[in-house]
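Nothing in this text is a laboratory measurement; each read-out follows from the coordinates by a stated rule. Bear in mind the structure is a predicted one, so any value in this text is a computation, not a measurement. In this analysis, Cβ positions are derived from the backbone assuming ideal geometry, glycine residues included, and neighbour counts consider all displayed protein chains.
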Amino acid sequence: MNIIPLPAFRDNYIWLIHDGQRAAVVDPGDAEPVLAYLAQHGLELAAILITHHHADHVGGLKRLLEHRRIPVFGPRKENIEYVTHPLVEGDSIAIPGLELELQVLEVPAHTAGHIAYFAPGILFCGDTLFSAGCGRLFEGTAEQLQAALSRFAALDGDTEVYCTHEYTLSNLAFARAAEPHNPERDRYLAHCEALRAASEPTLPTTIAQERQINPFMRTSEPGVIEAVTHQTGRRPATALACLTALRAWKDVF
Ligand code: ZN
Ligand code: FE
C-alpha cells in the first residue's frame, strides 16, 4: 500500500492511499490535486474518508463526486454533505477494492465530532494531532483533547501518523519555548528543517517520535511544567491544567 501526500492550499496534505490501481483519499479539501494525481497515475478513486467538517477537509467533495458513485466515510456527529457512511467509535470500515481495513476512533476536541482512522501501523488523525503540536480547540474542551492525545500516545510507537497540515516547523518553535531542554527535539528540528529546505514533507511522523518531542504529549515532564509555570506565573497542579495552559499559550504564540 502506498500513501502519498498531495499538497493543497498553503499547508494542507490530502493523503492518497493506493495499490497501483485503486485509491482512497483522506480529507480532500480541494479536488484538483486529487484529480491530477489520479489521471497522472491511472488510478481509480474508490472511496473518500473525512475526519471533520472544516472546509479545507471537505471542499473537494462535490467535484470529486460529480462522475462517481463511491462511499464517502465521515463522522456521524457532524453534519457533512455528501457523507454516505456516517461513522461512530468502534466502527470499522473496509475500503472497497483496497486491502485496507480501518477502525474509527472518536476524538472530539478540534471539532465536536472529529474522528480518526486507525489500522495497525497507520493513523489518519486529521487536525487532532500535528507533529510537535495539536489542533486548536474550536468546539471541544481541553479534557477531550487530553483524552484524544492519551489514546494516540498509547498506540504502538511505530505507528505512522498522517496529519493533515504541514505545521511542524512552527510547532517546533513553540515546542522549544514550552520545553527549552530537549536534545531529541533539537535533533528532530534539524532533521525537519533539512526536509523543508528540500521542499519535502516532514510527515508522516510516528507516535514514538511525538512522545519524545510533542509538548502536548509531555504535560507531566518537569521541563514543560517549569516553562508553563514561568509563562503563566502559576504552577499547573495537574497534567490537564498543564495541557490547558499550553494550548492557550500556543494560541497566542
Ligand atoms: Zn480543521
Ligand atoms: Fe484543517
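The overall shape of region 107-253 is oblate: from the C-alpha gyration tensor, with semi-axes ordered a ≥ b ≥ c, the ratio a/c is 1.5 or greater and a/b is no larger than b/c.
Between MET1 and ARG136, the simple label model (points 7 Å from Cα in the Cβ direction) yields a spacing of 3.2 nm. Placing pseudo-labels 7 Å out from each Cα toward the beta carbon at GLU143 and PHE9 gives an inter-label distance of 3.0 nm. Here the extension length gained between ARG151 and GLN103 equals 15.9 nm, from 0.36 nm per residue of separation less the Cα-Cα distance.
Taking region 135-190, which chymotrypsin sites (Phe, Trp or Tyr not before Pro) meet the DSSP loop condition and have no more than 13 other C-beta atoms within 10 Å? List each step's numbers first, then the result.
On the way: sites: PHE138, PHE152, TYR162, TYR167, PHE174, TYR188; in loops: PHE138, TYR167.
Taking region 135-190 and a limit of 13 other Cβ atoms within 10 Å, the loop chymotrypsin sites (Phe, Trp or Tyr not before Pro) found are PHE138.
Between the Cα long axis of helix 142-153 and the first principal axis of the chain there is an angle of about 70°, rounded to the nearest 10. Between HIS114, HIS181, HIS57, the Gaussian network model of the chain with springs among Cα atoms under 10 angstrom shows the greatest mean-square fluctuation at HIS181.
Of all DSSP-defined beta bridges confined to the chain, some 65% are antiparallel rather than parallel.
Only Cα pairs under 8 Å and 6+ residues apart enter the sum, and on that basis the relative contact order of region 1-88 stands at 22 percent. Computed over neighbours whose Cβ is under 12 Å from that of HIS41, the net charge equals -1, Lys and Arg +1, Asp and Glu -1.
Considering only the other residues whose Cβ falls under 12 Å of the Cβ of ARG136, what net charge follows from Lys and Arg at +1 and Asp and Glu at -1?
On the way: positive: ARG247, LYS250; negative: ASP127, GLU139, ASP251.
Value of the local net charge: -1.
Full extension of the chain between SER220 and GLU32 gives 63.4 nm of extra length, using 0.36 nm per residue less the Cα-Cα distance.
Helical content of the chain, expressed as a calculated mean residue ellipticity at 222 nm, amounts to -10000 deg cm²/dmol (DSSP H runs of 4 or more residues, -39,500 (n - 2.57) each, divided by residue number, nearest 500).
Expressed to the nearest 5 percent, the antiparallel share of DSSP beta bridges inside region 1-88 is 50 percent. Residue ranges 17-25, 227-235 sort as 17-25, 227-235 when ordered by packing (mean number of other C-beta atoms within 10 Å per residue, highest first). Relative to the longest principal axis of the Cα atoms of the chain, helix 32-41 runs at roughly 60 degrees. Of the GluC sites (Glu not before Pro) in region 91-193, the ones in a loop by DSSP (not H, G, I, E or B) with at most 15 other beta carbons within 10 Å are GLU99.
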